[in-house]
Amino acid sequence: MAIELPKHLLQDPITRHMRTDYPRLRPEMTVNEALCRLRQEGVGEKIVYFYVLDGEQRLVGVLPTRRLLTADLDKRLDELMIGKVIAVPDSATVSDACEFFVLHKLLAFPVVDTVGRMIGLVDVNFFTEEMFDMAEREQADSLFEALGFHLAQVRDASPIRAFRYRFPWLLATIASGTLCALLASAFEMTLAQSLVLAFFLTLVLGLGESVSMQSMTVTIQSLRNIRPTLTWYLRALWREAGTAFLLGAGCGLTVALIVWVWRGEPLAALVIGLGILGSLVSACVIGLSIPALLHALRLDPKIAAGPISLALADICTLLFYFSLAAMLL
């Protein structure tokens with residue numbers, strides 16, 4: 001499962017998170033002298049590479065651990081070290097450092113100042129331990145926000161207080177469910193003509209809700225990093241609608257074939273297949289539009305978008321499904 005790092009942490013200066021417990025080796029040292037210094041001073045925590053510095057603490061080379069341990073004891077470090085060192089500038093942010101790890105596939109990078117002096121290092125353990133924990137906490141918050149309330153509001157709340165936060169959003173679900181029941185009762189005669197429509201109603205609603213949640217999640221993630229404009233919305237709508245059309249066509253065709261083979265009712269199969277197609281496309285538009293609209297109104301889309309998007313997706317799905325059935329059956 002991919003985890004997105006918190007945006008505020010990504011903008012931190014990398015110097016705030018770098019380590020300084022690394023050994024400082026000199027290029028004129030022999031392997032034996034270097035090993036003696038490492039025994040005396042220690043190697044720090046989880047050292048991956050050894051860095052070679054000149055008399056002014058400027059970075060002049062890097063020495064992989066294996067190369068140091070397997071070389072002749074009288075070999076000089078400047079003969080073994082790799083002179084071309086990829087270093088992170090001290091002006092970099094955590095986000096910049098992430099790009100270094102992705103692009104260069106190394107396990108650690110030195111941090112240098114403007115004149116090339118090494119002032120620290122950052123290794124992959126930082127991203128797999130400290131930042132992973134922070135990201136997991138933020139992801140848990142995002143999950144509960146999508147359901148309609150913030151985790152911090154209910155984590156240590158009393159039962160009464162938790163009820164006050166959670167119940168209004170459940171009321172939204174009850175209201176939409178009641179409206180869907182009323183819509184279904186309005187098409188009672190249509191359902192009586194073909195019971196197979198009722199058999200697949202849960203499936204159609206479930207597919208629409210899934211696509212709506214997917215589109216909503218993608219949109220909320222995008223809104224964290226960009227300022228939405230009409231051009232952005234139209235481009236995102238075109239992309240998401242195209243994806244939803246392909247998903248709807250694939251799912252609709254599959255379910256229609258199942259209905260046709262199972263029940264031998266081609267018109268019912270056509271209605272269900274087209275209903276799934278229309279449901280997924282409309283759910284996609286809703287999942288994209290509701291968070292964008294809430295953001296434009298300066299409201300938090302993470303809190304309200306989930307219940308509203310799911311409710312509207314269910315209503316639109318039923319309207320399209322039953323209207324199509326009434327026309328064709």
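Rule-based calculations on the coordinates, nothing more; no lab input. In this text the structure is predicted, and so the values were computed from the model without any measurement. FYI the Cβ positions are ideal-geometry reconstructions off the backbone, even for glycines, and counts take in every protein chain you see.
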Which of 121, 191 comes first, and how do the rest follow, when ranked by fewest Cβ neighbours within 10 Å? 191, 121
When 212, 91 are arranged by how many other beta-carbons sit within 10 Å of their Cβ, fewest first, they go 91, 212
Relative exposure of 233, 51, judged by other C-beta atoms within 10 Å (fewest first): 233, 51
For q = 0.21, 0.22 Å⁻¹, what log10 I(q)/I(0) does segment 7-122 give under the Debye formula with an equal point scatterer on each alpha carbon and no solvent? -1.16, -1.25
For segment 96-104, in residue order, the Karplus 3J(HN,Hα) values (coefficients 6.51, -1.76, 1.60; θ = phi - 60°; whole Hz; Gly and Pro = x) are 4, 5, 4, 5, 4, 5, 6, 6, 9
Enumerate the amide H contacts of residue 75 below 5 Å, restricted to partners 5 or more residues apart or on another chain; note that Pro and chain-start residues carry no placed amide H. 31, 32
Calculated from backbone phi, Karplus (6.51, -1.76, 1.60) coupling profile of segment 56-68 in Hz, x at Gly/Pro: 9, 6, 7, 6, 10, x, 10, 10, x, 4, 4, 5, 5
Residues whose modelled amide H sits under 5 Å from the amide H of residue 92, counting only those 5 or more places away in sequence or on another chain, are 14
Please report the spacing between the Cα centers of segment 14-67 and segment 237-266 in Å, no decimals. 61 Å
Convex hull volume per residue for segment 179-328, taking Cα atoms only, in Å³: 99 Å³
Toy charge model, Lys and Arg Cβ at +1, Asp and Glu Cβ at -1: segment 7-122 dipole around Cα centroid in debye, rounded to 20, equals 280 debye
